[in-house]
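Quick notes on the structure that follows.
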Amino acid sequence: MPRFFSLLLLGLLAACGRHSPGDLPRPDGGGPRGADVDSVYSRAERLFRQGKWTRSLEAFTQVAPALGSEDPRYLRYRFYLGEIHYARSEFLQATREFRRIADEVPEDSLAPVALYRAGMAYRELWRKPQLDPSYGQTALQVFAEVAGRYPGTVAAARAQIQIQELQEWSAEKEYRNARYYLRYKAHHSAILVLRDLVANYPRTRWAPLALVLMVEAYRSLGYEEDREETCEYIRTYHPDVKDLAKVCPLPAAGSP
């Protein structure tokens, strides 16, 4: 598993610009900070590639004081720190490292990758739709930032996929909340949640299900005009809803 993770990371780096394993700045082999620094840095990289996260972190920590922002290895060093924290499930620490790259050098080709990885770290903190969605919403914001700031990049394309998946999760959570309200006859509260779901996540698979629940809630309240308006919306935009004729029967001929 660690080796697979490292290979996947290196492949992502290769796909996102000049910071691929072959052309990222390499240790300078005896620059102004000395051969010892270069040796420790190389060992830290090697340990990272081997998936030895703790030992790699120790080596990077040892060499960190010698790596100023002007050092050609600085950005890669920060990215490694982010990935090590990510691998150790230290996701908030990972987001800080990744965001630091994107915020300090937004024009660098490593920035969109780092920002995408920050979004992934936030997503890891929201593992199930029924949990508190705060980190999921933050992940959505970060992925939207990737897509907005770096259109046309591999990172932006991957961010769009994550956005769609997180919207599905968010819509599912709202749908579950609405069903909870309906279970306790809180129809008005359920309708408010369902309206927000349809407005905010109209392209998810939960949107038509939410509309069906709205029809049921309106029927229970005796709000026939609202029920029929919702049915008309379903017929127009979601005509493939299961048992549509049963959910929204058409008025009999001659009915007002």
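The values are calculated or read from the model by the stated rules, or taken from the named source; none is laboratory data. These numbers were taken from a predicted model, which means no experiment stands behind them. A quick note on method: Cβ atoms are made from the backbone with ideal geometry, for glycine too, and the neighbour counts reach across all protein chains shown.
Yes or no: region 56-73 includes at least one residue that is under 19 Å from Val146 (Cβ atoms), modelled with pLDDT under 95 and basic (Lys, Arg). No, region 56-73 has no match at all.
For region 106-135, the tally of residues that are within 19 Å of Ser89 (Cβ to Cβ) and not basic (Lys, Arg) stands at 14.
When Glu97, Glu145, Glu165 are screened for being in a helix (DSSP H, G or I) and under 30 Å from Leu211 (Cβ atoms), only Glu165 passes. Tell me which of these Arg176 doesn't satisfy, since it passes every other one: (1) assigned to a helix (DSSP H, G or I); (2) free of Cβ contacts under 8 Å to residues at least 12 places away in the same chain. Failing condition for Arg176: (2). Considering the conditions (1) in contact (Cβ under 8 Å) with a residue 24 or more places away in the chain; (2) surrounded by 19 or more Cβ atoms within 10 Å (Cβ to Cβ); (3) in contact with a Phe, Trp or Tyr (Cβ under 7 Å, 6 or more places away or on another chain), Leu125 is excluded by exactly one of them, (2). Just wondering, is there one or more residues in region 158-176 that are more than 22 Å from Pro202 (Cβ to Cβ) and either assigned by TED's automatic domain parsing to the domain that holds Leu92 or among the charged types (D, E, K, R) (or both)? Within region 158-176, one or more residues are more than 22 Å from Pro202 (Cβ to Cβ) and either assigned by TED's automatic domain parsing to the domain that holds Leu92 or among the charged types (D, E, K, R) (or both). For Pro106, the conditions (1) closer than 26 Å to Tyr135 by Cα; (2) outside any loop (DSSP other than H, G, I, E, B) are fulfilled apart from (2). Of all residue pairs spaced 6 or more apart or on separate chains, those with beta-carbon atoms under 6 Å, a first member in region 74-92 that is without any contact (Cβ under 8 Å) to a residue 12 or more places away in the chain and a second member that is of a type outside the set (Phe, Trp, Tyr) are Tyr74/Leu67. Does region 33-66 hold any residues that are over 20 Å from Tyr86 (Cβ atoms) and not in a helix (DSSP H, G or I), and which are they? Within region 33-66, Arg33, Gly34 qualify. Taking the conditions (1) in a loop (DSSP other than H, G, I, E, B); (2) loosely packed, with under 15 Cβ neighbours inside 10 Å in turn, Leu192 satisfies each one other than (1). Of all residues in region 109-142, those being touching a Ser or Thr at 6+ places or on another chain (Cβ under 7 Å) and assigned to a helix (DSSP H, G or I) number 5.
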